[in-house]
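Working notes, beginning with the structure itself.
The values are calculated or read from the model by the stated rules, or taken from the named source; none is laboratory data. Source: prediction; values computed, not measured. Every residue, glycine as well, gets a Cβ built from its backbone with ideal geometry; the counts of neighbours run over all protein chains shown.
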């Protein structure tokens with residue numbers, strides 16, 4: 001039995017890429033660093049991060065970054081994985097480096113790996129956190145991450161200020177939290193270039209999983225599909241039989257790993273690095289307000305020595 005939430009300290013797990021990309025697309029391109037590179041995404045991410053730290057005052061937190069954009073273990077399994085995505089421009093890659101450096105300077109645990117995506121790092125950190133009696137607070141709107149929710153864990157769509165637990169997943173996504181990877185294996189995921197089973201849409205996939213519970217049970221009893229009250233039941237059964245092996249592969253791709261190698265197992269919020277923080281403030285040309293907030297949030301008294 002899970003301990004009550006009050007006795008489980010929260011471990012905040014932040015999907016950094018979502019908030020960096022959001023800032024990249026929404027912030028005006030009027031900010032530049034000392035070398036003339038754009039910094040609009042860094043400014044937007046810094047505002048988000050400061051607000052989160054001020055609002056929640058987390059004692060345990062980790063920030064996950066994607067460094068496996070084309071080197072992930074999923075690309076080995078399926079070379080076309082995410083092949084529909086364009087590579088990030090150098091101007092954005094540079095800003096990701098600054099965002100990562102800012103987190104490190106603030107004393108926050110940073111998770112990044114060339115073989116594992118941010119989702120896998122979040123899942124693995126949550127797995128270790130549970131062993132230390134933490135409940136997870138996943139800061140991301142990504143539906144894929146809802147598969148990780150159990151017990152008193154929460155997912156938090158920060159921009160919309162919406163939070164939900166495992167019990168709220170079905171109302172949002174049509175299936176239970178533990179069924180999300182199976183659901184995506186059936187329907188596919190256009191964002192990640194995963195085809196799914198042809199002819200199986202969201203409603204059909206949800207109905208099949210409501211009846212069978214899991215993809216494994218569905219595949220083991222696929223002959224029953226033809227007799228269900230599902231539109232095009234006979235054709236659906238035939239398609240699932242025909243694409244059995246692909247469906248199992250798609251599930252490998254849609255299942256978040258819990259065994260990614262982490263450089264740390266404890267995610268205590270550490271002390272800020274005053275020298276690194278001041279250097280970043282100067283290089284990124286942060287204004288007095290941002291510097292003051294960084295000073296107050298980090299406890300570094302020299303963070304605003306230069307107005308920039």
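Condition check ((1) closer than 30 Å to residue 132 by Cβ; (2) buried (at least 18 other Cβ atoms within 10 Å of the Cβ); (3) over 24 Å from the mean Cα position of the chain (by Cα)) across all residues:
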| residue | (1), (2), (3) |
| --- | --- |
| 206 | no, yes, no |
| 225 | no, yes, yes |
| 237 | no, yes, yes |
| 270 | yes, no, no |
| 287 | no, no, yes |
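One residue is enough: does the range 89-102 have a residue meeting the conditions more than 26 Å from residue 271 (Cβ to Cβ), modelled with pLDDT of 95 or more and in contact with a strand residue (DSSP E or B) (Cβ under 7 Å, 6 or more places away or on another chain)?
No: the range 89-102 contains no residue that is more than 26 Å from residue 271 (Cβ to Cβ), modelled with pLDDT of 95 or more and in contact with a strand residue (DSSP E or B) (Cβ under 7 Å, 6 or more places away or on another chain).
If we keep just the residues of the range 68-83 that are out of contact with any helix residue (DSSP H, G or I) (no Cβ under 7 Å at 6 or more places or on another chain), modelled with pLDDT of 90 or more and assigned to a loop (DSSP other than H, G, I, E, B), which is nearest to residue 113 (Cα to Cα)?
To start, the set of residues in the range 68-83 that are out of contact with any helix residue (DSSP H, G or I) (no Cβ under 7 Å at 6 or more places or on another chain) comprises 68-73, 75-76, 79-80, 83.
In the following step, the residues that additionally are modelled with pLDDT of 90 or more were identified as 72-73, 75-76, 79-80, 83.
Checking which are assigned to a loop (DSSP other than H, G, I, E, B) leaves us with 72, 79-80, 83.
Numbers: 72: 9, 79: 19, 80: 20, 83: 19 Å.
The qualifying residue nearest to residue 113 (Cα to Cα) is 72.
Collect the residues in the range 95-134 that are out of contact with any helix residue (DSSP H, G or I) (no Cβ under 9 Å at 6 or more places or on another chain) and in a helix (DSSP H, G or I), keeping them in residue-number order. Walk me through how you get there before you give the answer.
Just the residues of the range 95-134 that are out of contact with any helix residue (DSSP H, G or I) (no Cβ under 9 Å at 6 or more places or on another chain), to begin with: 97, 114, 121, 124-125, 128-132.
Passing the criteria: 97, 121, 124, 125, 128, 129, 130, 131.
Test of understanding: among 253, 248, which residue is at pLDDT 95 or above, touching a helix residue (DSSP H, G or I) at 6+ places or on another chain (Cβ under 7 Å) and in a helix (DSSP H, G or I)? I'd like the intermediate steps shown before the answer.
Details: 248 fails: touching a helix residue (DSSP H, G or I) at 6+ places or on another chain (Cβ under 7 Å).
Only one candidate qualifies: 253.
Kindly evaluate residue 266 against the criterion of being part of a loop (DSSP other than H, G, I, E, B), out of contact with any helix residue (DSSP H, G or I) (no Cβ under 8 Å at 6 or more places or on another chain) and loosely packed, with under 15 Cβ neighbours inside 10 Å.
Numbers: part of a loop (DSSP other than H, G, I, E, B): yes; out of contact with any helix residue (DSSP H, G or I) (no Cβ under 8 Å at 6 or more places or on another chain): yes; loosely packed, with under 15 Cβ neighbours inside 10 Å: yes.
For residue 266, the condition - part of a loop (DSSP other than H, G, I, E, B), out of contact with any helix residue (DSSP H, G or I) (no Cβ under 8 Å at 6 or more places or on another chain) and loosely packed, with under 15 Cβ neighbours inside 10 Å - is met.
How many residues does the range 141-175 hold that are closer than 25 Å to residue 81 by Cβ and surrounded by 19 or more Cβ atoms within 10 Å (Cβ to Cβ)?
Qualifying residue count for the region: 10.
Of the numbered conditions (1) more than 24 Å from residue 153 (Cβ to Cβ); (2) in contact with a strand residue (DSSP E or B) (Cβ under 6 Å, 6 or more places away or on another chain), residue 232 fails exactly one; give the number of that condition.
Result: residue 232 fails condition (2) only.
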